[in-house]
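I have placed the structure first, in the form of structure tokens, so that the comments after it can refer back to it.
Quick note: the coordinates plus some simple rules give every number you see, no bench work behind them. Bear in mind the structure is a predicted one, so any value in this text is a computation, not a measurement. Note: ideal-geometry Cβ built from the backbone for every residue, glycine included; neighbour counts use all protein chains shown.
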Amino acid sequence: QKYGYFHCKDCKTRWESAYVWCISGSNKVYFKQLCRKCQKGFNPYRVEAIQCQICSKTRCSCPQKKRHIDLKRPHRQELCGRCRGKRLSCDNTYSFKYIV
């Protein structure tokens, strides 16, 4: 699970998600997310680890790198390529075990 930054090239909408699923050890994204306006699927233009690579904390204040990760953003299941049509959502604690 990683944090992604998205940009719809058609309507210029930007959004972020803490529910970007990548192949282990890479930034290759498994599931696209839909733009809420255009309903077109996009991969993030940038992906970063949820935990800081320096201090291993989610919320860090390391001087080397300014991080902007907001884990409190609501997860829009209807726009998520992984959640759509599934019983469990990405933000459900147990979803990793059952939905792949």
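To the nearest 0.05, what FRET efficiency results for Tyr5 and Tyr30 with a Förster distance of 22 Å applied to their C-beta separation?
Values: r = 17 Å, r/R0 = 0.76.
According to the calculation, E is roughly 0.85.
Taking 0.36 nm per residue of separation and subtracting the Cα-Cα distance, what length does fully extending Lys12 through Arg76 add? Mind showing how you got there, number by number?
Details: separation 64, 0.36 × 64 = 23.04 nm, distance 1.85 nm.
Gain on stretching Lys12 to Arg76: 21.2 nm.
Take the residue pairs Lys9/Lys32; Lys2/Lys28; Lys40/Lys72; Lys12/Lys37; Lys28/Lys72 and return only those whose Cα atoms are more than 19 Å apart. Walk me through the numbers before you get to the answer.
On the way: Lys9/Lys32 14 Å; Lys2/Lys28 11 Å; Lys40/Lys72 24 Å; Lys12/Lys37 10 Å; Lys28/Lys72 24 Å.
Going by Cα-Cα distance, Lys40/Lys72; Lys28/Lys72 fall outside the 19 Å limit.
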